[in-house]
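Visitor: Below is the structure I would like to discuss, written out as structure tokens.
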Amino acid sequence: MADPRQYQIAVLGSLLVYGMGWLGFDITLARVVLLLSTVITTQALCDSLSGNRTINVKSALISGLSLCLLCRTNHPELAYLAAVITIASKFLIRFRGKHIFNPTNGGLVAMLLLTDQVWVSPGQWGTVASFAFLMACLGALVVNRAARSDVTYAFIGFYSALLFGRSIYVGEPLTIPLHRLESGALLLFTFFMISDPKTTPDSRAGRVLFAALVAFGAWYVQFRLFRTNGLLWSLALWSPAVPIIDRVLPGGRYVWAGAGRAGGAGRAGRAGGAGRAGRAGRAGGGENGGAYEESGGLVGLRSRRRVVGA
Amino acid sequence: MKKVAVWLAFAAVVASSAPSLRAFCGFYISKADTKLFNKASQVVLVRDGDRTVMTMVNDYKGDLKEFAVVIPVPTFLRREQIHVGDKKFVDHLDAYSAPRLVEYFDPDPCRMTMMERLPMAAVAGSPAPRAQDAAGRARSLGVTIDAQYTVGEYDILILSAQQSAGLETWLRENGYKIPAGASSVLASYLRQNMRFFVAKVNLAEQSKLGFSNLRPLQVAYESPKFMLPIRLGTVNADGAQELFVYALTRKGRVETTNYRTVKLPSDMELPVYLKEQGEFAKFYKAMFTRQAEQEGPRPVFLEYAWDMKWCDPCAVNPLSNEELRQLGVFWSEGAAPDVFLTRLHVRYDKANFPEDLVFQETADRANFQGRYVLRHPFLGGDTCPAATAYMRSVTDRREQEARRLASLTGWDLAEIRKRNGLGAGPAPQPAMWWERLWRGR
């Protein structure tokens, strides 16, 4: 099985070309180059400091392309900082060998908190029905290959229920929740951000619970607090709950197919839950059973340490 | 029966043409303001933090007895939060931010001192010349008259209601003509804890004050909701409606979060005949219509985004601190308050704009304006070899201008070509690259 990240890079790259070429995204080619080169150099630096022998270019590119699609600022130095935080957060904010925040989400929310000079334009995609369909199809392709489509479907199910429920309660025509569901920003979040197998709970029950929490949080921010970027705030808010969910509802760790070498089979073993370990094994093709996104010495060491301690 | 005008203002189609103003290299010659559009509403939104001051311009031309307006507002409004403003400030804002036409003159090709593309001098012009037993009945219908005030020439009611049916009945019984279908929209606003601001003209006050036209109503409130309710306006509207939003903020450009905000095509050279009386206005209208139709589903168009301290070229001078204060810029205590103007233009209908406009203020301070350039060729005679090549390039340029205009407006290319001095014949094939290579040398 091919690494789903290649598909993700291709899709995010195509969306960026479409956005810049046809939708007039507020980003220049120079900014794209700055963001992508920063994420890759930061990744290289962090990998090297962690003792990894290979640079995880694919994951860095996914984060970089996502920043190109979402992060807007007039100041190149802030774009640079966003890219550094996005990648560094994967290495610095960790719990039990798993990073807490989806890198792009963490980077964006940190920048929104640190400065008032960064913004995200949820309206930039418009609501072209055919475009939404395209996004959904392409996204589904990615999540299916990443074998964690349940969190995506659960999230969109809960969020749709909240949107329709609210509109029915206040007596709005259903064209309003439908219009909200056609938002390109929502689809991007659903298929490319919350679906990140590295920052979602390990078990299916845990992921469904997580999806429900994020959906409610996003809805609350948008329709009770009347603030923008509810999806981003909510995901960042609930991400620290993932370790707790994993403890209560344990499951097998996700492994990117074809991700590097090292790792040690320890993680799959630790993840316990006999049937669940199979997922890691299947996706990882066995040889790198315990490695995931960072696929390197640091992860492997931690993993082993945990096995010893377990 | 009073007719409820919801966000509606009627404007006559007036093609405006400001006098030519002289400057060094570029000449600002014309602007196309909101008077061009029928059924155009103008709203000024001043916003910082959760504080909003909204100014609504009613260019209502009918019988004043018939006029009434119902606006959903997020909070209760005290008497001091309502003000009657002066339309001239909104007109000034319109003139300042309107799409503009500038012209350049080609230098003599035989004197190779090309001055085109020199920074353009700012051209400064002058500002554009420019009743209580009912309460029981209301209660029985579940309608609460939270307050009633007379402000200027307006009688104003702040209503809340438990049920929209009661509100609709109350409005009908009190002489307001509610369009069919409005009831469900009113209901949905009520469920969202919004109040209704109902204003009608107090004729006695109006004649006492001596104003012939209705002045804009202004309300100041504090709410996290940064939105503009447009749904009532789509209930009974015949066709699409035009809305201009002028957002005055501290940090930067304003955009819609639930619709795409698109920059209007700008900064391009167009046939010089657009300088003729009324032509630029026709161009702007045709271009906007075509762009609105082409960009489907319809977006919100950005027509101007600029720091209020300056402009280049200036259609009129920026607004003074006092004018900004009158429009509600509450932070304008200092000498030069930070005010960033965003002008949004939207043509909305029920199908394309099912939900209210929701805005966000971004940190973007990049300048943008609708600016169209006329470049006059040098007509001083063919006195050197360079002039021959120059005249050929002028023909090429005219052809491109004609094609650009046709594509922007959908107008007939043959007609444009004729008017742009290219003859009535078929368009010539563009010269091959090698023909241009050694031409005129």
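The values are calculated or read from the model by the stated rules, or taken from the named source; none is laboratory data. Bear in mind that the values here come from a model prediction, so they are computed numbers and not experimental data. Cβ: placed from backbone, ideal geometry, glycine included. Neighbour counts: every protein chain shown.
Visitor: Hey, among the residues in the stretch A:150-194 that are part of a helix (DSSP H, G or I) and charged (D, E, K, R), which one's farthest from the other protein chains (Cβ to nearest Cβ)?
Guide: Looking at the filtered set, the residue picked out is A:150.
Visitor: Output the number of residues of the stretch A:199-227 satisfying the condition of being buried (at least 24 other Cβ atoms within 10 Å of the Cβ) and within 15 Å of residue B:257 (Cα to Cα).
Guide: Final tally of qualifying residues: 2.
Visitor: Filter the stretch A:118-136 down to the residues that are assigned to a loop (DSSP other than H, G, I, E, B) and either at pLDDT below 90 or more than 19 Å from residue A:27 (Cβ to Cβ) (or both), then identify the one that is nearest to the other protein chains (Cβ to nearest Cβ).
Guide: A:126
Visitor: Out of the stretch B:219-254, which residues are farther than 29 Å from residue A:121 by Cβ and either in contact with a Phe, Trp or Tyr (Cβ under 8 Å, 6 or more places away or on another chain) or away from chain A (no Cβ under 14 Å) (or both)?
Guide: Passing the criteria: B:236, B:238, B:239.
Visitor: A further question on this structure: Quick one: in the stretch B:255-278, which of the residues that are over 16 Å from residue B:357 (Cβ atoms) and of a type in the set (Ser, Thr, Tyr) is nearest to the other protein chains (Cβ to nearest Cβ)?
Guide: Per the criteria, the residue is B:266.
Visitor: Name the single residue that is nearest to the other protein chains (Cβ to nearest Cβ) among those in the stretch B:336-355 being among the basic types (Lys, Arg) and in a strand (DSSP E or B).
Guide: B:347
Visitor: Can I ask one more? Among the residues of the stretch B:296-317, write down those that are surrounded by fewer than 17 Cβ atoms within 10 Å (Cβ to Cβ) and either closer than 26 Å to residue A:122 by Cα or not assigned by TED's automatic domain parsing to the domain that holds residue B:93 (or both).
Guide: Scanning the stretch B:296-317 gives B:296, B:297, B:307.
Visitor: Could you check residue B:358 against (1) surrounded by fewer than 23 Cβ atoms within 10 Å (Cβ to Cβ); (2) in a loop (DSSP other than H, G, I, E, B); (3) within 11 Å of chain A (Cβ to nearest Cβ) and say which number it fails?
Guide: (2)
Visitor: Condition test on residue A:197, is it of a type outside the set (Ser, Thr, Tyr), within 14 Å of chain B (Cβ to nearest Cβ) and not in a helix (DSSP H, G or I)?
Guide: no
Visitor: Just wondering, is there one or more residues in the stretch B:271-280 that are within 27 Å of residue B:186 (Cβ to Cβ) and surrounded by 19 or more Cβ atoms within 10 Å (Cβ to Cβ)?
Guide: No - not one qualifying residue is present in the stretch B:271-280.
Visitor: Then there's this: Return a yes/no flag: does the stretch A:52-72 have any residue that is in contact with a strand residue (DSSP E or B) (Cβ under 8 Å, 6 or more places away or on another chain) and either closer than 18 Å to residue A:119 by Cβ or more than 14 Å from chain B (Cβ to nearest Cβ) (or both).
Guide: Scanning the stretch A:52-72 turns up at least one residue that is in contact with a strand residue (DSSP E or B) (Cβ under 8 Å, 6 or more places away or on another chain) and either closer than 18 Å to residue A:119 by Cβ or more than 14 Å from chain B (Cβ to nearest Cβ) (or both).
Visitor: What are the residues in the stretch B:143-195 that are part of a loop (DSSP other than H, G, I, E, B) and within 14 Å of chain A (Cβ to nearest Cβ), if any?
Guide: Scanning the stretch B:143-195 gives B:162, B:163, B:181, B:192, B:193, B:194.
Visitor: Please give the strands (runs of 3 or more DSSP E) falling wholly within the stretch B:239-285 in which 3 or more residues are more than 29 Å from residue A:21 (Cα to Cα).
Guide: Qualifying strands (runs of 3 or more DSSP E): B:241-249.
Visitor: Quick check: is even one residue across the stretch B:199-213 touching a Gly at 6+ places or on another chain (Cβ under 6 Å) and more than 14 Å from chain A (Cβ to nearest Cβ)?
Guide: No, the stretch B:199-213 contains no residue that is touching a Gly at 6+ places or on another chain (Cβ under 6 Å) and more than 14 Å from chain A (Cβ to nearest Cβ).
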